[in-house]
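Right, one structure below, let's go through it.
Bear in mind these aren't lab numbers, they're just calculated from the coordinates by the rules spelled out. Every value quoted in this text rests on a predicted model; they were computed, and no experiment measured them. Glycine gets a Cβ as well: all are built from the backbone with ideal geometry, and neighbour counts include every protein chain shown.
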Amino acid sequence: MSQFFTAAVLTSTVAAGIALATPFLLAALGETLGQRSGVINLGVDGIMLLAAFATYYVALRTDDVLLAILAGMGTGLLMGVVTAAVSVTLKAEQGISGIGVYLFGLGFSDLLFQKLVGTPLPITTPPQVGIPLLDQIPVLGGMFFDQSPLVYLAFLLVPVVAFVLNHTTYGLKIRAAGENPAAADSLGVSVARIRWSTVLLGCTFAGLAGASLLLYDGIFQVNLTQSEGFIAVALVYFGAWRPSGVMAGSLLYGLVGAIILTWKSLGIIPLSGSDLAATAPAVITVLALLFVARRFRQPAALGKPYEREA
């Protein structure tokens with residue numbers, strides 16, 4: 001255990017934890033927008049899988065990382081159209097429709113991979129970018145300021161989403177649609193339009209999350225997310241529907257995961273117990289969720305389709 005508590009190992013572990021947290025942070029931020037408007041999307045994991053494959057395939061064919069990321073986001077946006085049409089326009093039960101999107105993403109990404117690629121091949125991943133001067137800070141520079149551009153983007157989006165939700169007219173409409181859609185409608189707010197917009201944004205974020213997950217290792221495999229996209233949904237509850245809380249939960253999940261990986265590589269965790277240890281991030285997140293989320297109230301209209309009164 002002593003070899004873990006060295007500057008080099010701790011620095012690399014924290015840096016890895018921040019990187020591992022990025023896909024979940026992106027997906028959970030998008031889900032926060034949707035849930036604040038009253039729509040819960042359990043299809044996040046399937047959308048991440050489809051976006052990850054789109055990112056992988058475009059990168060494999062073009063060797064253009066930016067174009068690949070845009071393909072992942074575009075895939076998320078396309079699935080957002082499907083999700084919003086089913087959940088908002090057709091007013092289907094959101095939990096069931098979300099599971100349907102997840103299963104579609106799981107199966108279709110596998111099919112596309114088998115038909116279009118077949119053999120896993122590595123792709124070029126974005127280089128780490130150090131922030132001038134800040135990356136020279138002893139210890140902290142290596143932890144926080146020498147990361148992939150997608151990591152910086154994810155954490156920059158936290159204050160942006162918080163500002164939009166709390167300090168803009170659009171954010172006020174989102175919160176009204178999620179708390180009291182009838183009252184919002186009576187004041188001239190189009191609940192359907194607001195919910196459509198948040199679902200599209202949320203799914204685009206999920207697409208970006210899938211792209212960042214794929215680009216972390218640079219290779220696609222079947223069920224790349226290992227159903228951890230559902231963790232992103234749980235993190236919204238953990239964070240009490242606040243971007244800062246979602247960020248804290250994502251960092252908890254990523255850091256615990258990085259610690260487990262480091263302990264396995266150092267031999268602190270025996271191979272016989274590695275499978276059990278791999279569940280630790282999810283278990284700790286769920287336990288923290290049970291402790292934290294019960295102290296906060298969810299949006300009153302969450303999961304409830306809005307029927308305009310005649």
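Using label points projected 7 Å from each Cα along Cα→Cβ, tell me how many nm separate LEU287 and LEU111, to one decimal.
Output for this residue pair reads 4.1 nm.
Given the Cα-Cα distance of GLN298 and ALA183 and 0.36 nm per residue of separation, how much length would full extension add, in nm?
The span from GLN298 to ALA183 would gain 39.6 nm if fully extended.
Take each complete run of DSSP H in the chain, measure how far its Cα atoms stretch along the helix's own axis, and keep only those covering 20 Å or more with mean Kyte-Doolittle hydropathy at least 1.6; list them.
Answer set is 65-84, 149-167.
Compute the Kirkwood hydrodynamic radius of segment 161-234, taking the inverse of the mean of 1/r over all pairs of distinct Cα atoms, and give it in Å to one decimal.
14.4 Å is the Kirkwood radius here.
Which of the lysines could be linked to LYS304 by a straight reach, that is with a Cα gap under 29 Å, when you skip same-chain ones fewer than 8 residues away?
The qualifying lysines are LYS91, LYS173.
Which entry is the computed Rg and Dmax of the Cα atoms in Å for this structure: [x] 24.6, 108; [y] 19.7, 69; [z] 18.3, 55?
Recomputing Rg and Dmax of the Cα atoms in Å here gives the entry labelled [y].
Please list, or write none, the aspartates and glutamates whose alpha carbon is within less than 16 Å of the alpha carbon of LYS264, excluding same-chain residues fewer than 8 places away.
Answer for LYS264, where 16 Å is the Cα cut-off: ASP275, listed by chain and number.
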